[in-house]
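Step one of this worksheet: look at the structure below.
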Amino acid sequence: APATTTTTAQPSPTDPDTPAHSRAPAGSLDHFRERSMELERTRHARLFDAEKRRLYAEHVVRWTFDHEVRLAEEEYDSARRVLTVRLLQENADKQRHVDELRYKIVRDDPGGVWQRRHEMSLRGR
């Protein structure tokens, strides 16, 4: 009778489902190379993820900076418009005061400006 030997199923080195560290016997040069490649892939994946996070953070910082610049410019333009209106109003008030002094206009005068100017035009007659 032929002798039957029982062998345990060894993973095939070409099987893609077999983890790299179990394809070659431990301690061999092939095992070292496979493990090194696996660690390199892990390292590159971590570097890629870190670079993505860095670029995202940089994008957020740039967007925040641009937003703050836009807000500052809008605030400046708004303050400039308010100041311009205020200066024009003050100038009109000063001009009105000068006119009141020049033509002796009294505010809330029942006769009004027309009556005074009419009287001034009749003085020389």
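The values are calculated or read from the model by the stated rules, or taken from the named source; none is laboratory data. Please read these numbers as outputs of a predicted model, since none were measured by experiment. Here Cβ is always computed from backbone atoms with ideal geometry, including for glycine, and neighbour counts include all displayed protein chains. Only protein heavy atoms, including side chains, enter the accessible area calculation; ligands, DNA and RNA are left aside. Shrake-Rupley method; radii C 1.70, N 1.55, O 1.52, S 1.80 Å.
Couple of notes before you dig in:
- Any hit, region 81-104, residues being at pLDDT below 95, in a loop (DSSP other than H, G, I, E, B) and open to solvent by 100 Å² or more (accessible area, probe 1.4 Å): yes
- Any hit, region 28-44, residues being exposed (fewer than 10 other Cβ atoms within 10 Å of the Cβ), at pLDDT below 95 and either out of contact with any Pro (no Cβ under 9 Å at 6 or more places or on another chain) or not polar (S, T, N, Q) (or both): yes
- Residues in region 1-27 that are among the aliphatic types (A, V, I, L, M) and at pLDDT below 80: Ala1, Ala3, Ala9, Ala20, Ala24.
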